[in-house]
1. Mind listing whichever residues of region B:191-219 are in contact (Cβ under 8 Å) with a residue 12 or more places away in the chain, in a helix (DSSP H, G or I) and more than 22 Å from B:S68 (Cβ to Cβ)?
2. Would you mind finding the one in A:A293, A:A238, A:A261, A:A251 that is farther than 30 Å from B:F121 by Cα and open to solvent by 40 Å² or more (accessible area, probe 1.4 Å)?
3. Give the residues of region B:162-185 that are among the polar types (S, T, N, Q), within 13 Å of chain A (Cβ to nearest Cβ) and more than 19 Å from the chain's Cα centre (by Cα), sorted by residue number.
4. Where in region A:112-224 are there helices (runs of 4 or more DSSP H), lying fully within it, with 1 or more residues that are free of Cβ contacts under 8 Å to residues at least 24 places away in the same chain, among the aromatic types (F, W, Y) and within 14 Å of chain B (Cβ to nearest Cβ)?
5. Return a yes/no flag: does region A:211-227 have any residue that is open to solvent by less than 10 Å² (accessible area, probe 1.4 Å) and within 30 Å of A:H269 (Cα to Cα).
6. Considering (1) without any contact (Cβ under 8 Å) to a residue 40 or more places away in the chain; (2) more than 14 Å from chain A (Cβ to nearest Cβ); (3) open to solvent by less than 20 Å² (accessible area, probe 1.4 Å), say which one B:T267 fails and leave the rest.
7. Can you tell me how many residues within region A:50-93 are under 11 Å from A:A293 (Cβ atoms), among the aromatic types (F, W, Y) and open to solvent by 60 Å² or more (accessible area, probe 1.4 Å)?
Amino acid sequence: MTAHDIAASGAGAGSLRRSLEAASPRYGERAIRAFLVGCAAFSVLVTIGIVLSLLFGAIDFFRAVPVLDFLTGTDWAPGFEPAAFGVLPIVVGTLNIVFWALAVAVPVGLLSAIYLAEYAPARVRRVVKPMLEVLEGIPTVAIGLWGLFFLRPLAEDLFPFLAWSTPHAVGVAGVAVGLLIVPLVASVSDDAMRSVPGSLREGAYALGASKLRVSLRVVLPAAVSGVVASLVLGVSRAVGETMVVLMVAGARPQISVDPTASVQTVTGHIGTTATGDISTGTTDYYTIFAVGALLFVLTLAMNMFAIRLVRRFREVYE
Amino acid sequence: MPVPMPDTRELTVRPAAAAKEVHRVDKTFELRRVSVRYGDNPAVKDVSMDIFHKNITALIGPSGCGKSTLIRCLNRMNDLIPSARVEGELRYHGEDLYGSRVDPVQVRKLIGMVFQKPNPFPKSIFDNVAFGPRTIGMKGDIREIVENALRRAGLWNEVKNRLKDNAYGLSGGQQQRLCIARAIATEPDVILMDEPCSALDPISTARIEDLMLELKERYSIVIVTHNMQQAARVSDMTAFLMVELTADEKTRYGELIEYDDTSKVFTNPADSRTEDYISGKVG
């Protein structure tokens, strides 16, 4: 006697058979599931593909140039005779940009976020928040133009005592990149602060804390993981930013802390080289893979460092 | 503008027999026709009552009767809700609590509050208690202040070896006692408690009730509670609020039905609605 027979006899003659098996195979559901898995796998595969292609190019490069020379060399002159492949000048160039960008984005972005999350009346928020999100989408080439033709002369007017020797200036480029990432930092930090439970604010207010104290001593520390995440996103953006840097920072690979200097960055080098007329297969050509791989490792290391930092300092609620 | 704090210490040295008389003498709050609206919706209407010094005053009543709204008027927490409007007269030791020169931040330094759900800051146990004293710039050794507050809240022995641990590692009852320690660390004049035990188990509740009876020696306490046994156990005075409907029957608001000695409210209430509620016929 099979299970079906029992079910049939139990339910009585002529009635519907009760079965625990699926009524139909539901192919549609399986197809959708397969499609979704495919989509998810696709983006992962693309990422792996990008990393691999960088890696293979970089391996070709390091056949010609020793890794140590590349990482510790202070002279960057691919395409010159004799060629030099010390990457430090353009790495320092990128750090320059990050420094000036953070000098702008940390105070402006965080203070905007505190204002939006804690001080702004609802109607101001309703206008400002979408505007921030629009600002995030401004084409970077427009920011580059604005940096070159507005910000750079303005900087010279404001600080005439500095040595403005070239039409480019890494400090100005960094500030422009900083303004570019302010909306990102402000928006993500604002979200983080607003997700802090209102009960914590009430608790602090009930102890006679002023609004400033509640914001800085209770809300900001409780939101620190989101705030740090916003800064990491901002730094990644500043490290990866190419167009503004190409247009405003110039293209001289040199180690300099002078904000008025013309300086090439890692991305600047990739941008100029990839769009220049360098024949494929040469060592000069492979620099962009090596430098690209370095950029990838740098941002990855930074993100992992930030995650550790956040775990260490996060104030867990609930 | 600092609100002056009258010196009432002499009251505590009077003999216990006179206590019944004493507690009705010194008024901490005087409410005269106090109404609260949220936008156009009335929440509480025309509440008049006196809240006495070094008493435990309980506010009881069904959900939606405006108990929480009313208690939040007393330390101007309602100011944090943009649509809230408070009307009528509310005096604190004779001074208009809603006067144009009164600073709500200053008010809250004198009138502490404990909330329904324990809300410790996501900081160490020590920093939680130290937050208030640091905020008001209290003089003296901060470690001593923290230890005293934790001792008075009956939490010291449980946490003295882990003051640097995060407060969220404590149990719910411990967290609530931490919140009480945090509130008393600044030596306030009044402690408001908005259903402080509703999220706690009976043992933690009993501990907090004992604590309230101890704290009463030094502070005036106003407590909102859903638990009538709790009101009967701990309070000296009880106010019963009830939900009423507006004339057009569209909105509900809270109204003070009866306010008297707790023993009277629970044994011989003047209003039949109070009797129905405390005997469990409604609500």
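The values are calculated or read from the model by the stated rules, or taken from the named source; none is laboratory data. Just so it is clear, the structure is predicted and the values come from calculations on it, not from any experiment. A quick note on method: Cβ atoms are made from the backbone with ideal geometry, for glycine too, and the neighbour counts reach across all protein chains shown. Side chains included, ligands, DNA and RNA excluded: accessible areas come from the protein's heavy atoms. Shrake-Rupley method; radii C 1.70, N 1.55, O 1.52, S 1.80 Å.
1. Scanning region B:191-219 gives B:I203, B:R207, B:D210, B:L213, B:E214.
2. A:A251
3. B:N166
4. Filter on region A:112-224 gives A:198-205.
5. no
6. So B:T267 meets the others, but not (3).
7. Here the count works out to 2.
Per-residue answers, yes or no, for (1) crowded, with 21+ Cβ neighbours inside 10 Å; (2) more than 25 Å from the chain's Cα centre (by Cα):
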| position | (1), (2) |
| --- | --- |
| A:L95 | no, no |
| A:V128 | no, no |
| A:V134 | no, no |
| A:P153 | no, yes |
| A:L158 | no, yes |
| A:G178 | yes, no |
| A:I181 | yes, no |
